[in-house]
Amino acid sequence: MKAVILAAGKGERMKPLTNTRSKMLLPIAGRPVLEYVLSSLRDTEIRDVTLVVGHRKEEIKNRFGDGDELGLSLSYVEQPEQKGTAHAISFTDIDETFVVLNGDVYCDAESLVGTIRKHEGEDAVATVGTYRVKSAASYGVVRVKDGRVAEIVEKPGKTSDQLINAGVYVFEPEIYDAIKETPYSERREKEITTSIENLVEEGKNILANELGSWVHVGRPWDLLAANERALKHKTPIVKGEIEPNAQVPDDVTIDEGTNVKSGTYIEGPAYIGKNCEIGPNCYIRPFTSIGNGVHIGNAVEIKNSIILDGTHAAHHSYVGDSIVGANCNFGSGTKVGNLRLDAGNVMMTLRGKLVDTGRRKLGAVLGDEVQTGINSMINPGVKMGPRSAIGPGVVLYKDLSPNRCVLVKQKGEERAWRE
């Protein structure tokens, strides 16, 4: 069987991280998001995979090539303009049963196999993978009757305990005809859910299969959740050097060239990449992933965060529940807060709208090459664009655009002293 992965999107909700990279290459426990999707397909014994690419397509091609390293045969087709999922699928041409996955979701191979088998066993035109969530407000809810799709309701508002469209499909080639008949939405997009609903209305056999596990990486805090899941299932290995009096448990991965210095205390699961300098006397707490060439120095604490390549936090800083881009530099005493004073849910601005993240603990999202001055603070839910900066003593309460700097002026008084 062949598979198609939709990987052409810009990842607008993942900014500022996607200002400088493809969303598909955002790291989870040291591996790109898209690699997890590809690995789940490989584990089902699917080998022939077509990636629909568009935005920053060369980055994806350069990273995965022909797929040989993953044991896959990869090919690429381009969606020049991102006009919806059905529009993306229309650029492929497969004349047999095939699987389609959104590039920002992944589920376990067993669930994928179960979806394929259900499709093949009941003579379906399409089978939709579903997943049960507590709140489906930002997803498409799938109404199911006797194992068949009865209706798909997009973003229904406040809901509870609902089956959602998981972005996992098995199609017959008949789907291409349905896509041709699919109109553009108000957003000028062709959505595959509309194509499927049209087939339902025609009386076609459209099945639903509930997945056992599923992760969607659509928003910054989803990346933290995916990172936690990946670290729980990662087989740890230590290739770097650990000095005496450093505490490193068995569930921590340390890659080659990394030196964990004396006095460092790590709680796993955690991942540390290549050629890093960790310590001395720092504290790395569970579910932290650190990229390559990172320096975490004296009296620095990192909790449940993702730190990208080349970032330096040399001394006396705290980073909680945050995502820090590549090549950032933290001045001494930088604090990244992760809890509101009133202990309410952290809010974050996505696409110009303030969104409830549903998390009591969530820090900041920093783009690449961010700099902070000594004794500066970043409040929960704040985003800083690439190459932005805050000066010494600044408390950043709101998002900062790329290439912008916030400074504070001291208003002082000079007087005689000890005359």
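Quick notes on this one:
- Point-charge dipole on Cβ atoms (K/R +1, D/E -1) for the chain, about Cα centre, debye to 20: 2020
- Surface composition of region 88-212: carbon and sulfur make up 43 percent of the accessible area, probe 1.4 Å.
- You can think of it this way: the chain between E154 and W417 has 87.8 nm of extra reach, that is 0.36 nm per residue less the Cα-Cα gap.
- Computed over protein heavy atoms with a 1.4 Å probe, the accessible surface of region 2-218 works out to 43 Å² per residue.
- Cα gyration tensor, region 2-218 - rounded (a/c under 1.5), prolate or oblate: rounded
- Debye equation applied to the C-alpha atoms of region 199-325, log10 I(q)/I(0) at 0.14 Å⁻¹: -0.57
- The phi-based Karplus calculation (6.51 cos²θ - 1.76 cosθ + 1.60; θ = phi - 60°) puts the 3J(HN,Hα) values of region 173-178 at x, 4, 4, 5, 5, 5 Hz, whole numbers, x for Gly and Pro.
- Within the accessible area of region 235-406 (1.4 Å probe), percent carbon and sulfur: 48
- In the context of the full set of protein chains, region 225-278 has a per residue accessible area of 50 Å² (1.4 Å probe).
- Of all DSSP beta bridges in the chain, antiparallel share, percent nearest 5: 30
- Extension gain (nm, one decimal) between D95 and E58, 0.36 nm per residue minus Cα-Cα: 10.6 nm
- The distance linking region 15-58 with region 119-155 is 24 Å (Cα centroid to Cα centroid, whole angstrom).
- Ligands, DNA and RNA left out, the accessible area of region 29-76 computed with a 1.4 Å probe is 37% carbon and sulfur.
- Put simply, the amide H of L350, placed in the peptide plane, has neighbours under 5 Å in V355, leaving out anything fewer than 5 places away on its chain.
- Theoretical FRET efficiency, 1/(1+(r/R0)^6), r = Cβ-Cβ of I237 and S213, R0 25 Å, to 0.05: 0.60
- Cβ-derived FRET efficiency at R0 22 Å, K145 paired with M1, nearest 0.05: 0.20
- In sequence order, region 343-348 has phi-based couplings of 6, x, 4, 6, 9, 9 Hz under the Karplus curve 6.51 cos²θ - 1.76 cosθ + 1.60, θ = phi - 60°, and Gly or Pro positions carry x.
- Backbone phi angles across region 126-132, fed through the Karplus curve with coefficients 6.51, -1.76 and 1.60 (θ = phi - 60°), yield HN-Hα couplings of 8, 10, 9, x, 10, 9, 8 Hz in residue order; Gly and Pro are listed as x.
- The slack between E69 and Q410, meaning 0.36 nm per residue of separation minus the straight C-alpha distance, is 117.2 nm.
- For the peptides 31-44, 293-306, the ranking by packing is 293-306, 31-44, with the highest mean count of neighbouring Cβ atoms within 10 Å listed first.
The values are calculated or read from the model by the stated rules, or taken from the named source; none is laboratory data. The structure presented is a predicted model; accordingly, all values stated were derived computationally and were not measured. With ideal geometry, Cβ positions are generated from the backbone for all residues, glycine too; neighbour counts draw on all protein chains shown. Note: areas computed on protein heavy atoms with side chains; ligands, DNA, RNA excluded. Shrake-Rupley method; radii C 1.70, N 1.55, O 1.52, S 1.80 Å.
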